[in-house]
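J.: Pasting in a structure now, in structure tokens, and then I'll have a few things to ask.
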Amino acid sequence: MSELAFLKEPIKTYDEYGKWIPCSERLPEEDEEVLVCDKDGTMEVCDLEMFGRGIGLKWTDKNGYECWLDVVAWMPLPAPYTEKEVRPDCPWR
């Protein structure tokens, strides 16, 4: 087995994780930061805010500014990096 065989595992995990969810299928939880994409492929990190007793919704960025995108799909963000995630068998640690 190759010394670099462990590199195949993260690639498989990434392929399973990064799936777009169409807004027509379901929306994220309110105030959950997600990656959104519009019909032209523009992407931004936003969260969903409901207003008008749940009748209206808008996407806002980290600073609370409205994202002026026609959002068609979204995906959850991965967990932030932590030192514990470094594999002990990584040769260039």
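J.: Using alpha-carbon pairs under 8 Å, 6+ residues apart, how would you state the relative contact order of segment 24-69 in percent?
T.: 28 percent
J.: Something else about it: For the pair residue 69 and residue 24, how long in nm is the line joining their label points, each one 7 Å along Cα→Cβ?
T.: Result: 1.9 nm between the two label points.
J.: Based on the Cβ-Cβ distance of residue 42 and residue 84, what FRET efficiency does E = 1/(1 + (r/R0)^6) give at R0 = 41 Å, to the nearest 0.05? Mind showing how you got there, number by number?
T.: Working: r = 34 Å, r/R0 = 0.83.
Once rounded, the FRET efficiency stands at 0.75.
Here, each number is a calculation from the coordinates, and none is a lab measurement. As the structure is a computational prediction, the values presented were derived from the model and not from experiment. Cβ coordinates were reconstructed from backbone atoms using ideal geometry, including for glycine residues, and neighbour counts include every protein chain displayed.
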